[in-house]
Structure formats: structure tokens, C-alpha cells
1. Evaluate segment 246-267: report whether one residue or more is farther than 19 Å from GLY17 by Cα, out of contact with any Gly (no Cβ under 6 Å at 6 or more places or on another chain) and of a type in the set (S, T, N, Q).
2. How do the pairs read when you match residues in segment 170-195 that are outside the structural domain of GLU81 (by TED's automatic domain parsing) and polar (S, T, N, Q) with residues anywhere that are surrounded by fewer than 17 Cβ atoms within 10 Å (Cβ to Cβ) and at pLDDT 95 or above, using Cβ under 7 Å and keeping only pairs 6 or more apart or on different chains?
3. Working only within segment 189-201, note down all residues that are surrounded by fewer than 22 Cβ atoms within 10 Å (Cβ to Cβ), in a loop (DSSP other than H, G, I, E, B) and among the aliphatic types (A, V, I, L, M).
4. From the residues in segment 50-104 that are polar (S, T, N, Q) and within 22 Å of THR210 (Cα to Cα), which one is nearest to the chain's Cα centre (by Cα)?
5. Would you list the helices (runs of 4 or more DSSP H) that sit entirely within segment 281-382 and hold 2 or more residues that are surrounded by fewer than 19 Cβ atoms within 10 Å (Cβ to Cβ), outside the structural domain of HIS15 (by TED's automatic domain parsing) and among the polar types (S, T, N, Q)?
6. Is at least one residue of segment 52-65 touching a residue at least 24 places away in the same chain (Cβ under 8 Å) and loosely packed, with under 13 Cβ neighbours inside 10 Å?
7. Give segment 428-440 a look and list any residue that's crowded, with 16+ Cβ neighbours inside 10 Å and farther than 18 Å from ALA367 by Cβ, or say none.
8. From the list THR323, THR347, which residue is closer than 29 Å to PHE24 by Cα, among the polar types (S, T, N, Q), modelled with pLDDT of 95 or more and touching a helix residue (DSSP H, G or I) at 6+ places or on another chain (Cβ under 7 Å)?
Amino acid sequence: MTTTRFAPSPTGWLHIGNLRAALFNYAIARQNGGQFVLRIDDTDAERSKEEYVEGVKEDLTWLGIKWDRIERQSQRMDRYELAKQKLIDMGRLYECFETPVELDLKRKKQLNMGKPPVYDRAALALSDAEKDALRAERGSHWRFKLDHERIEWADGIIGDISIDAASVSDPVLFKNGGQILYTLASVVDDIEMGMTDVVRGSDHVTNTATQIQIMHALGGTPPRFAHHSLLTGPQGEALSKRLGTLALRDLRKAGIAPEAILSLMARLGSSEPVELRANIDEVIAGFDISKFGSAPTKFDADDLGPLTARHLATLDHAAVTDTISAAGVPDALAEPFWKVVRDNINTLDDVAAWWVLFRDGATPLVADEDAEFVTQAFDMLGEPPYTATTWGEWTTQAKAETGRKGRGLFMPLRKAVTGLERGPEMADVMPLLQVKPKAG
């Protein structure tokens, strides 16, 4: 059975970059009738916060991404300790004692000599007595001993990948103090939870290579890997500088529709055009991971606004009854009101302002050269309620009595009635007006 996972660290709010991994893995699971696991990477007790765990759940639920089960790495520490001991017994995990400063000096020396900054495995040469002495004065960390051979796999997006393990430092699996790192925890979980497919960012490629060796060492079978491109800003700048404004919770507060986000992210970076989908099921049906490329992908948050507006224009009033009711629109007017405004809003937050306009009247927008005409025309307009024929009858009379026609007739009246230069058809607006508009 196809099994995928999304494994966020609860150390901050989910942002648009995180969503790609969540959506891609979710789509693969659902397309194959498999399982999607939400796995909370909360092994860092100091930085992990429960509010961020809840935030992850809220964001995914808002988008329509439903997990089949939730796992927490903080509840699986015993499994990681068993894996640690197994690797030690195999001679594949060894204790190291260099401080961060010492490691940095080693790297700089290697670079100055024109060598790759790869850990020199000096700890393997230590005697038991030397290790005991070092333990007495400082902390230690544990590294996985890589087999110096080529690590190869067929990546679902990048294609065939081959990495020489000798060009990579033996990865640290346990930090000073015993804290397990993502590299091993993820491997143990992927093996024991039966992950068949893992999609994540291209910044994990080297990490994947080392994890494949660790999986083999622990007797596991590596899943199918695919590494999607990283997002940049619209000018190619690092997106990380803007993540504070691209948290999913902030996009939600800004009125961006989840359908807009899903439709964009399911195609951005692929050879397929972005197409607005009505719901996540349609998004999944049109998803094809083989269409994605490995080049950095430009993301512009401004693209989400027009997609949201287009989505809202497709909804019938039953889908937004709560929003319309909250704005104070009477039930009898809810459906005609929505039909009039849905093509003229960017987010649902705009709905309330339209009802205020219809209920209380607008601040007229009248040019000096139109003031006399507008006053004269408004004298011809009776009191509400108005009907679908009111606009035509009114403008016909105004044309006959003032000689105005075309744009010189219609535009000044639109601006005076609505306070706007553009908007819905005025024949549809008039029946919604609760008070007679003011000429000035």
C-alpha cells in the first residue's frame, strides 16, 4: 500500500514552502488509495511548541488535507535508542568529541588546502583511555560511518542521482547531550511506518543519500524519493527572507481562498499551466509529479489574489451564506446580493462593504462638470424600492431631459450612485439599494 508522510517541525507556523511537501505527498497517497501520515518532528523539546502543533493541524484542515493518522516523534524515543545501539554494535555509529570551534577550524584548514571540508574521522583513532579522558572534560556527539561508495537512486523529479559518499561528512545522528537529529529519527520512522514514497525539497538531496545508507544498515528498504525545487521570490530572491509574510495562517487572515493556494501550488514549477480547481479532490485528480522540474521556482504571492477572486466568482450563494448573513444582508436579498457582488470582490472580506453601500448609500463621486447634470437627474429618481427596470427607465428619462448620452450619461450616474468608477451592472444594483442615493 502506498504510504506517504508530511513531517513538519513544530517550531514555527507553516508557510507556503512547507505546503509543497504536504500537498505532493498527500496527492500521491490519495491517487493510489494509500495512507497519508502527519508526523510531528518534535524531538527538539526546547524549540517545539504545542501551539505550533495545533497550527499545523488548523492549516492542513483549512486546506482540506486530511491525515489518516498522526504520529509524534517525541513518543518514539525508545525506538531511536534501539536503532542507536544496533548501529553501535555494528560498528557503524561512533562517538566524537570535537567542539564546534574545533570542527570549524578543521573545515577552514581543509578549504585553505583546496580539499573538500569532509570530517576526517579522527575520532576513530582514539583509544578507550583517550575517550574516557575526553568524556570527563567535554560532551560528545555520534556520527554514522558511511561506506565510501556511490549512493544512487532514481529520483521522481530530478532523475538518476549518484553521490560519492566519500565526498560527504559522516552525518551526526546524536548531538551533544544525546538529542537525536532528524537524519536518524526520520529513517527509523520511514522504515517502521512503511513509507513507500517521500517527496521533499531539493535541499535534502545529500541528506537522502546518507539516509539511504542508514536504512540499509538497519535492514530497511528505502522508499521512492522525489525532490521538488525550492521556491524563490518573483525576482529569484531567497524566499526565506519573506516567510514571515507567507505563513498559511497569515494568507488565511488576508482572505486568500484555500482553493487558490492549492491550485497554484499543485502546478507551480511544472510544465502544466496553473488551472483553478474547485476543491482539493480536483487538485489531486490533476496532479502529476512527473511534470515537475528541478530548477528553482519563482513564487509571487500576488498571484493568489486573482485566483481567489476567480474562485469566489464561481460560488453560489449557498456556499457563502454565513459570510452574507454576518454582513447583515436580509435572507430575502441574500441570493440576488451575492450574484451582484461575487464578480466584484477580491476576498470574502469585501462582502460587508458592499452591503454597507447598498444599505446606507455611497459617498457620491461627482466631477465638477457633472454636478448640475447629476442633481437634475437625481430629482427624476423616486424613492426605493427599485426594480430591475429602474435603471433603464431613469437613464432614458435623464437622456430625454438633459440631452446627455452614452458614457457622458451613464458614468456620472454610476459614480454618483455607487461612489465607484466600475462595478456590477447598474440594473442589478438598483433593486438592492435600501435608500435613495444622494447627488452630493
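1. no
2. Going by the 7 Å Cβ cut-off, there are no qualifying pairs.
3. Matches in segment 189-201: MET193 only.
4. The first filter runs over segment 50-104 and keeps only residues polar (S, T, N, Q), leaving 61, 73-75, 85, 99.
If we keep only those that are within 22 Å of THR210 (Cα to Cα) too, we end up with 73, 85.
Working: GLN73: 23, GLN85: 38 Å.
Ranking the candidates gives GLN73 first.
5. Details: elements: 304-313, 321-326, 331-341, 351-360, 371-378.
Per the criteria, 321-326, 371-378.
6. Step one: filter segment 52-65 for residues touching a residue at least 24 places away in the same chain (Cβ under 8 Å), giving 52-53, 55-56, 58-60, 62-65.
Next, from what is left, pick out any that are loosely packed, with under 13 Cβ neighbours inside 10 Å: none.
No: segment 52-65 contains no residue that is touching a residue at least 24 places away in the same chain (Cβ under 8 Å) and loosely packed, with under 13 Cβ neighbours inside 10 Å.
7. Residues of segment 428-440 crowded, with 16+ Cβ neighbours inside 10 Å: 428-433, 437, 439.
Listed by number, the residues that qualify are ASP428, VAL429, MET430, PRO431, LEU432, LEU433.
8. Details: THR323 fails: closer than 29 Å to PHE24 by Cα.
After applying the criteria, what remains is THR347.
The values are calculated or read from the model by the stated rules, or taken from the named source; none is laboratory data. Being a predicted model, the structure only gives us computed values, none of them experimental. For neighbour counting, all protein chains shown are included, and Cβ atoms are generated from backbone atoms with ideal geometry for every residue, glycine included.
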